[in-house]
1. Need the C-alpha centroid separation for region A:116-138 versus region A:33-79, integer Å.
2. Taking just the C-alpha trace of region B:226-307, give me its Rg and Dmax in Å.
3. From largest accessible area down, sort B:K12, B:K228; use a 1.4 Å probe on the protein chains.
4. Of all beta bridges DSSP finds with both residues in the protein assembly as shown, what is the antiparallel percent, to the nearest 5?
5. Once phi is turned into θ = phi - 60°, what whole-Hz ³J(HN,Hα) does the Karplus curve with 6.51, -1.76 and 1.60 give for every residue of region B:58-74, x standing for Gly and Pro?
6. Pairs of Cα atoms under 8 Å, at least six residues apart: use those to get the relative contact order of chain B, whole percent.
7. Express in whole angstrom the spacing between the alpha-carbon centres of region A:184-203 and region B:132-161.
8. Report, to the nearest 10°, how far helix A:223-247 tilts away from the longest principal axis of the Cα atoms in chain A, using its own Cα long axis and a range of 0 to 90°.
Amino acid sequence: MNHRAVWAIYSFEMARTGRTLFQSIVSPVLSTSLYFVVFGAAIGSRIPEIEGVGYGSFIVPGLIMMTLLTQSVMNASFGIYFPRFVGTIFEILSAPVSALEITLGYVGAAATKSIILGLIILATAGFFVPLKIAHPLWMLAFLVFTSVTFSLLGFIIGLWAEGFEKLQIIPLLIITPLTFLGGSFYSINVLPPFWQAVSLANPIVYLVSGFRWSFYEVADVSLTVSVAMIAVFLVACLAIVWWFFKTGYKIKK
Amino acid sequence: MQSILSIKNVSKTYASGFQALKSIDLEIRRGEIFALLGPNGAGKTTLIGIVCGIVKASSGTVTVDGHDNVRDYRGAREMIGLVPQELHTDSFETVWATCTFSRGLFGKPANPAFVEKVLKDVSLWDKKDSKIMTLSGGMKRRVLIAKALAHEPDILFLDEPTAGVDVELRKDMWEVVRALRAKGVTIILTTHYIEEAELMADRVGVINKGELILVEDKAELMRKLGKKQMTFELQQKLDAVPEALAPYKLALAADGRALTYTYEAQGEHRGVTRLVEELLRQNIRLKDIATTQSSLEDIFVDLVRKDG
Ligand SMILES: Nc1ncnc2c1ncn2[C@@H]1O[C@H](COP(=O)(O)OP(=O)(O)OP(=O)(O)O)[C@@H](O)[C@H]1O
Ligand SMILES: [Mg+2]
């Protein structure tokens, strides 16, 4: 294992985050806080409790999940797409590093950033709405695994994309709608049976449900299913990354 | 001499269907400076890309000091530094950060003193804290050289290292290259400044349309393919070359005051003695004699033209 290379890539990416602190941390924290203000403090008090949880509190896990997913994907995809775009990828390709090491460096940095972001948003939420975390370790585990998995997904998109539009399309057109429809703002149990069934095809439902369970012990689907879904997703992403590097697809000429 | 890099039967057809390399065989000797010459689009960068792991070869093998560059890519790549032709740099990074990054990426322990020395060698020390985007093109080129040197390669590829670099700095770079060679680093460079190859290289390879059409010791090549010209400056003016000198195919200068004899530098029987005797016999008085030898550039242009 070329641990120095992993560290070099990781710190390079973290330094990039440091340089773009406003865009990568401050701005998502601010925009998520707006939801807490509007739905938690302003409108939330007029919406009935869901399964015994106040509406403002109920949406916190879903909102953190939403930011986590979009930011992980955007950050990780940009991290690897940019060197491809400007050509500096030549150095990574010519270095004695394995696909695993490259992935660890880039995805590790993107995930770290998402985790920090998630924790900051969590702390911010505490200012606006009452919070209770029933299972802090589970909460952290969901935070970490979701960040890693979606950073991997972002990494895949960054390896595959051939333009900045493609880079934006997936977070904008797939991740955001799926999170909105994935029970971030409601329990899918309130939907008519048909739409409940449709919702179960949305992988994000499982993430939000599991994450929310770690806070309030209320869940749309069972914890086991949530954990299994993350695991399946993680393995699938790893397999795709492995295949990309194995074949050099879109990476090597 | 033992070869440090062995390229066997390497070919490359790009996804577009274009065949950029046709079965290249090349052995690079340990510690030499090898100049790879060829017109635009000949395949130089492609070949370098294959050795360095950036381009996938369509066939063939590359062995770097015993390490197959696909199966044992780590062993192979650890030894290689690459200065690419294009100025691919991280605009937002500082010179110092990008060099330290390269060192780490190649698995070398941090060594600020060494990186400092490298930056001083390429005259970038005063720019170490500047963001790369604030540097000029020639400075960016030197950043790329510093990055490659920062991880102490045994083999250094310089793909047109002096393109866009001013004369003064080009000389500095030659110094750097010479110093590296003295340390035992093997250097493979491409250049369109042929005088550079002539000055620096131990051996020369000429690639044209994806084929290696010649690999030669530079001195040997100059001897074999170089032409020499001997110019006799005359004391009197001639109206025509005397009949008796016809076999020498002499060229008479427009002003009639000089005769030029062209011969192959490697020729066994150059006939210089007989020519001079003949001149004297013709009562032609000489003022001065000068010889000139064709440059690598002339040889190169000749070769590529012949190749079609
Ligand atoms: N990615 C690519 N896809 C298709 N063709 C390519 C690609 N890269 C290079 N080529 C073609 O391969 C040939 C060799 O290119 P290469 O860059 O190796 O030439 P070169 O000898 O380095 O030329 P130069 O002196 O201009 O740098 C050219 O005809 C070029 O158009
Ligand atoms: Mg080239």
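The values are calculated or read from the model by the stated rules, or taken from the named source; none is laboratory data. Everything quoted here is computed from the prediction, not taken from an experiment. Virtual Cβ from ideal backbone geometry, glycine too; neighbours counted across all protein chains shown. The area values use the complete protein model at the heavy-atom level, side chains included, leaving out ligands, DNA and RNA. Shrake-Rupley method; radii C 1.70, N 1.55, O 1.52, S 1.80 Å.
1. Spelled out, the Cα-based centre of one part sits 11 Å from the other.
2. Expressed in Å, the Cα Rg and Dmax of region B:226-307 come to 14.1, 44.
3. Values: B:K12 15, B:K228 50 Å².
My answer, sorted largest first, is B:K228, B:K12.
4. Working: 38 of 55 bridges.
Around 70 percent antiparallel, to the nearest 5.
5. 7, 7, x, 10, 10, 10, 10, 6, x, 9, 5, 7, 9, 5, 10, 5, 5
6. Values: 552 pairs, mean separation 58.3, N = 308.
Computed over chain B, the figure is 19 percent.
7. Using only Cα atoms, the two centres lie 56 Å from each other.
8. It works out to around 20 degrees.
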